[in-house]
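Have a look at the structure below before the remarks.
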2 protein chains.
Amino acid sequence: MAKRNAFYAQSGGVTAVINASAAGVIETARAHRDRIGRVYAGRNGIIGALTEDLIDTGKESARAIAALRYTPSGAFGSCRYKLKGLEEYRAQYERLIEVFRAHDIGYFFYNGGNDSADTCLKVSQIAEKLGYPLTAVHVPKTVDNDLPITDNCPGFGSVAKYVAVSMREAAFDVQSMAKTSTKVFVLEVMGRHAGWITAAVGMAEDAATPIPLVLLFPEVAFDEAKFLAAVDAKVKRFGYCCVGVSEGLLNAEGQLMAEAGTRDAFGHAQLGGVGPVIAKLVKDKLDYKYHWAVADYLQRAARHIAAKTDVLHAYAVGRAAVELALAGHNAVMPAITRTSDQPYRWKITVAPLAKVANVEKKLPRNFITADGYGITARARAYLAPLIRGEDPPPFKDGLPQYVRLKNVAVPRKLATAFKV
Amino acid sequence: MAKRNAFYAQSGGVTAVINASAAGVIETARAHRDRIGRVYAGRNGIIGALTEDLIDTGKESARAIAALRYTPSGAFGSCRYKLKGLEEYRAQYERLIEVFRAHDIGYFFYNGGNDSADTCLKVSQIAEKLGYPLTAVHVPKTVDNDLPITDNCPGFGSVAKYVAVSMREAAFDVQSMAKTSTKVFVLEVMGRHAGWITAAVGMAEDAATPIPLVLLFPEVAFDEAKFLAAVDAKVKRFGYCCVGVSEGLLNAEGQLMAEAGTRDAFGHAQLGGVGPVIAKLVKDKLDYKYHWAVADYLQRAARHIAAKTDVLHAYAVGRAAVELALAGHNAVMPAITRTSDQPYRWKITVAPLAKVANVEKKLPRNFITADGYGITARARAYLAPLIRGEDPPPFKDGLPQYVRLKNVAVPRKLATAFKV
């Protein structure tokens with residue numbers, strides 16, 4: 001088989017371990033120089049392909065690529081840019097193929113979530129229609145953990161660990177202060193459409209370290225009176241209460257609580273997220289002193305406390321993507337398949353993109369306790385291995401040493417420009 | 001000299017390392033059983049003394065006490081309860097002495113910030129007036145880093161490290177997203193009266209890892225136009241900008257920006273802190289997409305990323321407090337004295353409480369760059385050793401294993417109650 005080049009791009013919100021997948025792709029491609037020529041990356045994701053702004057990863061040392069394993073964020077830049085329907089936006093897809101053809105790209109590795117799985121599938125379809133030989137493989141990534149078939153999505157485990165560790169630490173703090181000061185602590189976490197990350201907050205406590213926790217899932221409509229009663233009961237019994245709330249919490253009318261909260265004098269939704277809304281409610285109705293935190297990007301960038309399992313998964317799906325492509329698989333995604341909870345065992349399997357694209361994996365209702373405020377043993381069994389293990393980056397002078405690549409541009413071959 | 005008991009209490013906001021000081025006190029006292037009998041701790045700080053709610057630390061194993069070294073929060077409970085003037089509130093001080101006398105407490109170790117240094121001094125004074133033999137030693141602690149004489153305050157270094165690491169990680173994230181999404185990231189940090197923690201955010205970047213940062217110190221009145229110009233210039237030049245803002249940022253009128261922000265329809269100050277206020281301003285005036293985070297308690301509870309230097313300091317001041325007391329020092333505080341920046345060297349010295357109480361150490365103006373938005377080389381030289389070193393707690397199943405003590409109550413000896 002002729003040697004052809006590969007194109008790799010990062011898509012959507014980045015994670016603490018998406019670069020580990022990049023390392024998996026690049027190192028595995030380098031190990032197959034007989035089949036894969038150069039590995040190009042898209043500068044700022046798929047936009048780099050559309051605008052022919054390619055990065056030559058061959059200009060990076062083996063050491064720099066290895067450092068991607070422990071560097072958070074997207075080393076080549078990512079983007080939020082969804083390619084739309086094949087028919088209406090055919091020009092975009094044709095442009096991608098034009099760029100791929102100009103650089104003899106025979107392998108397309110797209111590292112992202114639901115949208116990029118869909119794009120990856122469409123690119124493989126248009127390539128076939130245009131008679132352009134291309135092997136397209138999607139590399140799963142999303143802190144939202146909502147891709148189907150795969151047991152979990154690289155990026156999620158590290159966020160899960162971050163929120164569990166953070167809530168455990170904050171709970172110790174609040175417990176110390178509760179006698180005369182803060183009695184209720186609210187931590188707002190990511191996950192607008194599904195409560196996977198909210199569930200992970202529940203891992204802060206276990207039999208050895210009980211913590212009075214109330215979780216507010218996006219799947220459970222907010223019931224003010226019931227919530228306040230739950231918090232009040234915890235404070236009365238344990239002296240304090242910790243609340244983990246999803247940014248996507250909805251009220252009974254299906255509106256985002258973050259927006260349904262207080263409005264300013266101009267009618268704008270107030271600036272804070274749902275965390276401060278919930279905290280203020282506790283103060284107004286129960287008169288407990290509160291503190292709240294919104295971790296935002298800190299939770300998905302926190303490579304310093306990434307889960308080792310997650311790092312291993314991220315690297316493995318990157319490596320498997322290249323191996324699958326070389327084995328002739330097209331329009332597929334390497335999926336993580338769990339074969340045992342205890343001891344935790346997993347393997348990489350192959351998922352057809354047609355079954356992945358546009359399917360959202362929801363948090364199972366049986367992961368949430370009957371009262372709607374906690375996680376079940378089933379959820380714990382699922383989450384436990386995903387947050388396991390530490391894999392700290394190297395530190396120097398007290399700070400993690402993350403790599404920044406040179407990101408050398410590949411000379412353009414096309415005279416045409418493309419506006420995104 | 002007769003063997004007498006010791007009393008230890010934690011005061012004010014807790015930290016990631018205040019328990020390391022407790023370990024220093026208790027382990028050192030245990031090593032001097034010939035001079036110090038039992039070590040009692042106040043349940044919820046000084047309130048425990050006033051209400052005769054004492055904890056017998058002798059009921060804790062050596063292993064549990066050693067685990068305090070790596071457990072954040074206040075293991076015996078803390079409180080925000082300021083003892084007021086000696087004259088007006090003499091009954092409180094007399095009650096303390098009454099409880100001390102009942103339990104033969106000859107050593108008083110008070111672990112806190114400015115207020116508790118003042119209380120410790122007053123307790124030593126009233127003891128002398130009442131002819132009660134007591135050795136009172138203050139153990140420094142405060143994330144605010146505002147105690148005088150001591151080079152730094154245990155607790156601060158770990159917060160400094162947390163905010164520097166977090167901002168570095170978030171900056172990598174924002175840089176990845178900036179092409180099509182978030183261009184400005186705002187991190188709100190603690191430090192209402194002084195910008196020590198804000199300055200530490202500046203350590204996120206260094207020569208090897210430049211980050212376009214704008215810091216908003218409580219010492220520098222907020223100038224909207226100038227700030228927006230600074231942010232805009234960074235975004236235009238680097239593609240993104242990270243803003244570290246103190247919760248105590250003031251406007252030109254000296255009002256807290258957090259309160260001077262948008263008010264709701266009822267005229268209440270909006271719920272968020274200053275972080276979202278600044279982020280929204282960037283959006284409204286510059287139209288850049290933003291994200292913001294408020295770390296709140298996470299920053300001071302984050303023992304998982306504590307600075308080793310800080311842990312060593314915290315333990316050392318606890319140990320030194322006992323050694324000073326045994327050496328006959330009264331109404332003093334062990335202070336950390338820096339003898340060299342590079343290599344970093346420090347020793348414990350003795351500060352008289354009369355020179356500590358009610359004196360606030362401000363962030364030197366020469367730590368802030370001329371434009372008011374950055375830190376100087378002098379600030380870096382000061383901060384660098386304080387964030388150095390890692391000292392992770394033990395992990396099990398992906399989570400840090402922090403200790404919870406038994407906190408067994410000492411039988412009461414007084415028939416009298418005291419209402420706090």
From the option list B:Thr150, B:Thr198, single residue qualifying as modelled with pLDDT of 95 or more and in a helix (DSSP H, G or I) is B:Thr198
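Take the conditions within 30 Å of A:Phe156 (Cβ to Cβ) and within 14 Å of chain A (Cβ to nearest Cβ) and apply them to B:Leu405. Does it pass? Steps first, answer last, please.
Numbers: within 30 Å of A:Phe156 (Cβ to Cβ): no; within 14 Å of chain A (Cβ to nearest Cβ): yes.
Answer is no for this residue.
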Picking from A:Val165, A:Val174, the residue that is over 28 Å from the mean Cα position of the chain (by Cα), buried (at least 24 other Cβ atoms within 10 Å of the Cβ) and either farther than 23 Å from A:Tyr382 by Cβ or at the interface with chain B (Cβ under 8 Å from one of its Cβ atoms) (or both) would be A:Val174
The number of residues in the stretch A:282-312 that are within 18 Å of B:Glu169 (Cα to Cα), among the acidic types (Asp, Glu) and out of contact with any strand residue (DSSP E or B) (no Cβ under 9 Å at 6 or more places or on another chain) is 1
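Here's the yes/no breakdown for (1) polar (S, T, N, Q); (2) out of contact with any Leu (no Cβ under 7 Å at 6 or more places or on another chain); (3) under 22 Å from A:Gly155 (Cα atoms):
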{"position": "B:Pro154", "(1), (2), (3)": "no, yes, no"}
{"position": "B:Lys161", "(1), (2), (3)": "no, yes, no"}
{"position": "B:Arg168", "(1), (2), (3)": "no, no, yes"}
{"position": "B:Ala171", "(1), (2), (3)": "no, yes, yes"}
{"position": "B:Ser181", "(1), (2), (3)": "yes, yes, yes"}
{"position": "B:Gly202", "(1), (2), (3)": "no, no, no"}
{"position": "B:Ala207", "(1), (2), (3)": "no, yes, no"}
{"position": "B:Ala225", "(1), (2), (3)": "no, yes, no"}
Filtering the stretch A:24-49 down to residues that are in a helix (DSSP H, G or I) and crowded, with 24+ Cβ neighbours inside 10 Å yields A:Gly24, A:Val25, A:Ile26, A:Ala29, A:Ile46, A:Gly48, A:Ala49
Per the filter on the stretch A:289-338, residues farther than 16 Å from A:Tyr70 by Cα, in a loop (DSSP other than H, G, I, E, B) and of a type in the set (Gly, Ala, Ser) are A:Ala295, A:Ala327, A:Gly328, A:Ala331
Going through (1) in contact (Cβ under 8 Å) with a residue 24 or more places away in the chain; (2) in a helix (DSSP H, G or I); (3) surrounded by 14 or more Cβ atoms within 10 Å (Cβ to Cβ) one by one, A:Glu219 fails only at (2)
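When you scan the stretch A:108-133, how many residues do you find that are over 23 Å from B:Ser176 (Cα atoms), touching a helix residue (DSSP H, G or I) at 6+ places or on another chain (Cβ under 8 Å) and small (Gly, Ala, Ser)? Walk me through it before giving the result.
Keep residues of the stretch A:108-133 that are over 23 Å from B:Ser176 (Cα atoms), which gives A:121-133.
Keeping just the survivors that are touching a helix residue (DSSP H, G or I) at 6+ places or on another chain (Cβ under 8 Å) gives A:121-124, A:126-127, A:130, A:132-133.
Next, only the ones that are small (Gly, Ala, Ser) stay: A:124, A:127.
Qualifying residue count for the region: 2.
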Checked pairs for the stretch A:386-412, first of a type in the set (Phe, Trp, Tyr), second assigned to a strand (DSSP E or B), C-beta under 6 Å and 6 or more apart or across chains, list as A:Phe395/B:Glu390
Over the stretch A:400-420, the set of residues among the charged types (D, E, K, R) and either touching a helix residue (DSSP H, G or I) at 6+ places or on another chain (Cβ under 7 Å) or exposed (fewer than 15 other Cβ atoms within 10 Å of the Cβ) (or both) is A:Lys406, A:Lys413, A:Lys419
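So, A:Glu259, is that one over 22 Å from B:Tyr297 (Cβ atoms), assigned to a helix (DSSP H, G or I), at pLDDT below 95 and not β-branched (Val, Ile, Thr) or not? Reasoning before the result, please.
Details: over 22 Å from B:Tyr297 (Cβ atoms): yes; assigned to a helix (DSSP H, G or I): yes; at pLDDT below 95: yes; not β-branched (Val, Ile, Thr): yes.
So A:Glu259 fits the description; yes.
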Taking first residues from the stretch A:309-323 that are under 13 Å from A:Gly389 (Cβ atoms) and within 14 Å of chain B (Cβ to nearest Cβ) and second residues anywhere that are part of a helix (DSSP H, G or I) and of a type outside the set (S, T, N, Q), the pairs with Cβ under 6 Å that are 6 or more apart or on different chains are A:Thr309/A:Gly157; A:Thr309/A:Pro385; A:Thr309/A:Leu386; A:Asp310/A:Gly157; A:Val311/A:Ala20
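Kindly evaluate B:Ile55 against the criterion of being surrounded by 19 or more Cβ atoms within 10 Å (Cβ to Cβ), of a type outside the set (Gly, Ala, Ser) and within 14 Å of chain A (Cβ to nearest Cβ).
Numbers: surrounded by 19 or more Cβ atoms within 10 Å (Cβ to Cβ): yes; of a type outside the set (Gly, Ala, Ser): yes; within 14 Å of chain A (Cβ to nearest Cβ): yes.
Against the criterion (surrounded by 19 or more Cβ atoms within 10 Å (Cβ to Cβ), of a type outside the set (Gly, Ala, Ser) and within 14 Å of chain A (Cβ to nearest Cβ)), B:Ile55 qualifies.
Identify, please: which residue in the stretch A:349-360 is surrounded by fewer than 18 Cβ atoms within 10 Å (Cβ to Cβ) and touching a strand residue (DSSP E or B) at 6+ places or on another chain (Cβ under 7 Å) and is, among those, nearest to A:Ala200 (Cα to Cα)? Full working, then the answer.
Residues of the stretch A:349-360 that are surrounded by fewer than 18 Cβ atoms within 10 Å (Cβ to Cβ), as a first pass: A:349-350, A:352, A:354-355, A:358-360.
Of the ones still in play, those that are also touching a strand residue (DSSP E or B) at 6+ places or on another chain (Cβ under 7 Å) are A:349-350, A:352.
Working: A:Thr349: 25, A:Val350: 27, A:Pro352: 28 Å.
Among those residues, the one meeting the criterion is A:Thr349.
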In the stretch B:275-308, anything over 14 Å from the mean Cα position of the chain (by Cα), among the hydroxyl-bearing types (Ser, Thr, Tyr) and within 12 Å of chain A (Cβ to nearest Cβ) is listed as B:Tyr290
Exactly one of B:Phe238, B:Phe185 is in contact (Cβ under 8 Å) with a residue 24 or more places away in the chain, within 14 Å of chain A (Cβ to nearest Cβ) and buried (at least 24 other Cβ atoms within 10 Å of the Cβ), and that one is B:Phe185
For the stretch A:1-17, pairs from a residue that is over 22 Å from A:Pro133 (Cα atoms) and away from chain B (no Cβ under 12 Å) to a residue that is part of a loop (DSSP other than H, G, I, E, B) and not polar (S, T, N, Q), with Cβ under 9 Å and 6 or more apart or across chains, are A:Val17/A:Pro72; A:Val17/A:Lys141; A:Val17/A:Pro154; A:Val17/A:Gly155; A:Val17/A:Ala306
Contact list, first residue from the stretch A:66-77 and over 9 Å from A:Ile18 (Cβ atoms), second anywhere and among the basic types (Lys, Arg) and assigned to a loop (DSSP other than H, G, I, E, B), beta-carbon distance below 6 Å, six or more apart or interchain, is A:Gly77/A:Arg43; A:Gly77/B:Lys179
Residue set B:Asp397, B:Asp371; condition at positive phi and surrounded by fewer than 20 Cβ atoms within 10 Å (Cβ to Cβ); output residue B:Asp397
Going through the stretch B:368-420 in order, the residues found to be hydrophobic (A, V, I, L, M, F, W, C), under 19 Å from B:Val143 (Cβ atoms) and not in a helix (DSSP H, G or I) are B:Ile375
Item checked: Residue check for A:Leu363: away from chain B (no Cβ under 14 Å), surrounded by 14 or more Cβ atoms within 10 Å (Cβ to Cβ), under 30 Å from A:Leu216 (Cβ atoms) and within 19 Å of the chain's Cα centre (by Cα) -> yes
Those residues of the stretch A:78-100 which are under 25 Å from A:Glu323 (Cβ atoms) and without any contact (Cβ under 8 Å) to a residue 60 or more places away in the chain amount to A:Leu96, A:Ile97
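Taking the conditions exactly as written (aromatic (Phe, Trp, Tyr) and touching a residue at least 24 places away in the same chain (Cβ under 8 Å)), does B:Tyr297 satisfy them or not?
Values: aromatic (Phe, Trp, Tyr): yes; touching a residue at least 24 places away in the same chain (Cβ under 8 Å): no.
It is false that B:Tyr297 is aromatic (Phe, Trp, Tyr) and touching a residue at least 24 places away in the same chain (Cβ under 8 Å).
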When every residue in the stretch A:146-162 that is closer than 20 Å to A:Gly112 by Cα and of a type in the set (Ser, Thr, Tyr) is compared, the one surrounded by the most Cβ atoms within 10 Å (Cβ to Cβ) is A:Ser158
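Kindly evaluate B:Val139 against the criterion of being touching a residue at least 40 places away in the same chain (Cβ under 8 Å) and within 12 Å of chain A (Cβ to nearest Cβ). Show your work before the answer.
Numbers: touching a residue at least 40 places away in the same chain (Cβ under 8 Å): yes; within 12 Å of chain A (Cβ to nearest Cβ): no.
Considered against the rule, which asks whether it is touching a residue at least 40 places away in the same chain (Cβ under 8 Å) and within 12 Å of chain A (Cβ to nearest Cβ), B:Val139 comes out as no.
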Filtering the stretch A:313-341 down to residues that are under 18 Å from A:Lys161 (Cβ atoms) and surrounded by fewer than 18 Cβ atoms within 10 Å (Cβ to Cβ) yields A:Arg338, A:Asp341
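The values are calculated or read from the model by the stated rules, or taken from the named source; none is laboratory data. Everything numeric in this text was worked out from a predicted model, so none of it was measured. Glycine also receives a Cβ, built like all others from the backbone with ideal geometry; neighbour counts cover every protein chain displayed.
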